[in-house]
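Quick note: the coordinates plus some simple rules give every number you see, no bench work behind them. This one's a predicted model, so the numbers in the text were calculated from it and none came from an experiment. Neighbour counts run over all protein chains shown; Cβ positions are idealised from the backbone, glycine included.
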Amino acid sequence: MDKLYLLIAFIFTVVASLYTSQQFSKTKSLSPVPPSVSGPNIDSIDRWLQVQQKAGKFNGAVLIAKNHTPLLMKGYGYTDHSRKQKITPQSSFRLASVSKNFTAAAIMLLKEKGLIDYDKPLTAYFKGFPYPDATIRHLLNHTSGIPDLYMRLASKHSDRVGEILSIREVMQLMTNFPNKRKARRPNTRFRYSNTGYVLLASIVEQVTGKTFEAFLQKELFEPLKMKNTRVWNLFSKSKTFPNKTTGFYKQGTDYYPQIPSFLDGVAGDGAVFSSLEDFLIWDKFWYSNSLISQENLQEAFKPVQLKKRKVSRYGFGWTLGKEGRISHTGSWLGARNYIIRDIQTKTCIVVLDNSTNNRYSGDIANAIKEAILKD
């Protein structure tokens, strides 16, 4: 592999994702929210979003639903850099770290089938894995203490991986090049880890003998009739699929596509695409469904009791807020995404943006949340 190319691609992708999946609530940009958007008036929010799109502050799709019924489900802008095709409720967006919802659900399905135990050590599934105290539950909760190093290891040991990094190669890198100095004892602290969720995808493949993509398609997306949802990366057989959107960015007056790098062969931490229509189904899934028992489903929403009486409020693929609100965000290759679900009022808000919208996407998502949920 050309090491210079690998390094450049690695730097590019990391810089592109610096607006990380946990930062929407911390945006420092000036809020584009006008005083007129001060209440849950759906028409006014719709008009305001049209203004933001025309001003170049938003390009994406928004779902506002209550009791599983859409109040607003609409696209604003274009599916890719060519700016020819308009976004619709069926347009399928790269979810980036919002994909962790789906990875968690895949693991919960394995538990439902009796194929895994949340509290078994990872060494039960991978002999010789160098972090013997970490369990599947720890990975789900981001409390494993395993260093989040897969991107760095892939760059440093480029001679050990192919032109495109795979899930299997991530497991091999983490096994062959342990970093005990940066490791922490499990359950001592929350430390967000993309590596941990790629390892979860590796567990799915190890236990089922199927690719992560094939397992989710057969066991989750097809039963739920999520027609515009799938795992898609550089190893997918299809080079594209119907309704797929592509991340892009603006430079001067021109628009350019975001180009995937060698890292975009992995999944688990990202790589799921979905649409507003399918998020209606996904929201309903987490209340009750025929695939996962209610008892198992509630595991996703339990805060974690850490050592020294500390508590982490990240469950299985969800950040656990106050008053029954759960959320996640995601950022990668132009994607800037946000989902918040208020369980008490059965309200779901989804904001998807594919235009590398570092400055405004967080403000827009928060403005809608504040108008609808009234913090």
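Computed from backbone phi with θ = phi - 60° and the Karplus coefficients 6.51, -1.76 and 1.60, the 3J(HN,Hα) list for segment 174-190 is 5, 7, 7, 10, x, 10, 5, 5, 8, 6, 10, 5, x, 6, 9, 7, 7 Hz; x is used for glycine and proline.
Which one of I343, F273, Y256 is farthest out on the positive end of the charge dipole of the chain, using unit charges on Cβ (Lys, Arg +1; Asp, Glu -1) and the Cα centre as origin? The Cα lying farthest towards the positive end belongs to I343. Taking other C-beta atoms within 10 angstrom as a stand-in for reagent exposure, I339, I164, I107 fall in the order I164, I339, I107, fewest first. In the chain, the sites counted are GluC sites (Glu not before Pro) in DSSP loop states with at most 16 other Cβ atoms within 10 Å, and the longest stretch holding none of them, exclusive of the sites, is 1-162.
In the chain, taking the dipole from charged Cβ atoms about the Cα centre, the farthest positive-side position among N296, F212, Y150 is held by Y150. Only the Cβ atoms of Lys and Arg (+1) and of Asp and Glu (-1) were treated as charged; on that basis the dipole of the chain about its Cα centre amounts to roughly 900 debye.
Among T211, T229, the order by Cβ neighbours within 10 angstrom, fewest to most, reads T211, T229. Taking S355, S193, S97 as the candidate residues, the one with maximal mean-square fluctuation in a Gaussian network model of the chain, Cα springs under 10 Å, is S193.
Order by neighbour count: H68, H142, fewest other Cβ atoms within 10 Å first, most last.
Ranking H68, H142 by Cβ neighbours within 10 Å, fewest first, gives H68, H142.
For the options G77, G162, G247, a Gaussian network treatment of the chain with springs between C-alpha atoms closer than 10 Å singles out G162 as fluctuating the most.
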